[in-house]
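In what follows, a structure is listed as structure tokens, so that the remarks can point back to it.
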Amino acid sequence: MKFVKSVLLLFVVSLAFAQPLPHDGSPAPAKNAKVSDLAFLSGRWTGSVDDAKIEQVCSATDPDVMLCMFRLMTSNGTEMLELYTLRNTADGVTERIRFFSPDLKEEPGEGVTMRLTTLTSDKAVFENPNGTYPKRATLTHKSGDEFSSHIELVDAQGKESTIDAHWQRAQ
């Protein structure tokens with residue numbers, strides 16, 4: 001289940017940087033970033049991690065919040081669902097993630113909170129201020145309709161791992 005959660009989180013964070021953003025390439029203070037900087041996420045995205053297929057659908061953003069749904073599919077069908085919001089806060093953009101089973105049973109716990117810490121024209125970095133699973137997610141823009149995600153994880157025993165995904169805008 002940790003792999004599934006990580007893949008889902010990867011998808012969510014990856015989508016937060018699918019197209020170039022209106023910045024000049026130098027790191028923007030994350031506190032100045034707004035959900036509206038991520039409005040390009042609206043719509044449907046597909047990708048893969050190893051043999052798993054991933055999909056995300058995001059609503060249009062209102063001034064302060066965007067709502068997204070993510071799912072992970074293997075040869076056995078849908079393995080996991082995730083709902084998340086991107087929200088303006090006093091500290092910048094925050095991503096709140098909740099995990100669900102295919103029959104909508106909520107995973108125990110508070111979910112995961114990630115904060116946008118760096119935003120440039122070709123890179124967005126989200127970090128977990130409360131833990132290390134995940135620790136950091138870096139999104140790299142490839143073209144107008146594709147991007148890659150790199151998620152860094154450190155488990156409770158200190159073992160480090162990564163998850164990489166490729167995303168494309170679905171037609």
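For this structure, a couple of remarks:
- Of the residues making up the stretch 128-171, those that are closer than 19 Å to F70 by Cβ, of a type in the set (D, E, K, R) and modelled with pLDDT under 90 are D145, E146.
- Checked against (1) within 19 Å of C58 (Cβ to Cβ); (2) without any contact (Cβ under 8 Å) to a residue 60 or more places away in the chain; (3) buried (at least 19 other Cβ atoms within 10 Å of the Cβ), V125 meets all criteria but (1).
- Only residues that are out of contact with any Lys or Arg (no Cβ under 9 Å at 6 or more places or on another chain), surrounded by fewer than 20 Cβ atoms within 10 Å (Cβ to Cβ) and under 17 Å from K34 (Cβ atoms) were counted across the stretch 103-122, and they come to 4.
- Scan of the stretch 36-60 for residues that are over 15 Å from the mean Cα position of the chain (by Cα), among the small types (G, A, S) and assigned to a loop (DSSP other than H, G, I, E, B), ordered by number: A60
- For the stretch 128-149, a tally of residues being free of Cβ contacts under 8 Å to residues at least 60 places away in the same chain and surrounded by fewer than 17 Cβ atoms within 10 Å (Cβ to Cβ) returns 7.
- Condition met for V125 (among the β-branched types (V, I, T), within 17 Å of the chain's Cα centre (by Cα) and modelled with pLDDT of 90 or more): no
- Qualifying residue in the stretch 107-118 (condition: charged (D, E, K, R) and closer than 23 Å to A52 by Cβ): yes
- The combined condition, being of a type in the set (G, A, S), surrounded by 14 or more Cβ atoms within 10 Å (Cβ to Cβ) and at positive phi, is not fulfilled by G158.
- The stretch 44-68 - residue that is in contact with a Cys (Cβ under 9 Å, 6 or more places away or on another chain) and surrounded by fewer than 16 Cβ atoms within 10 Å (Cβ to Cβ) and, of those, nearest to T85 (Cα to Cα): L67
- Test: residue in the stretch 59-70 that is of a type in the set (G, A, S), closer than 21 Å to F147 by Cα and without any contact (Cβ under 8 Å) to a residue 60 or more places away in the chain: yes
- Criterion applied to S36, S14, S26 was being among the polar types (S, T, N, Q), closer than 23 Å to K123 by Cβ, at pLDDT below 85 and in contact with a Pro (Cβ under 9 Å, 6 or more places away or on another chain), and the one residue passing it is S36.
The values are calculated or read from the model by the stated rules, or taken from the named source; none is laboratory data. Not measured: the values here are computed from a predicted model. Here the Cβ is made from the backbone with ideal geometry for all residues, glycine too, and neighbour counts use every protein chain on show.
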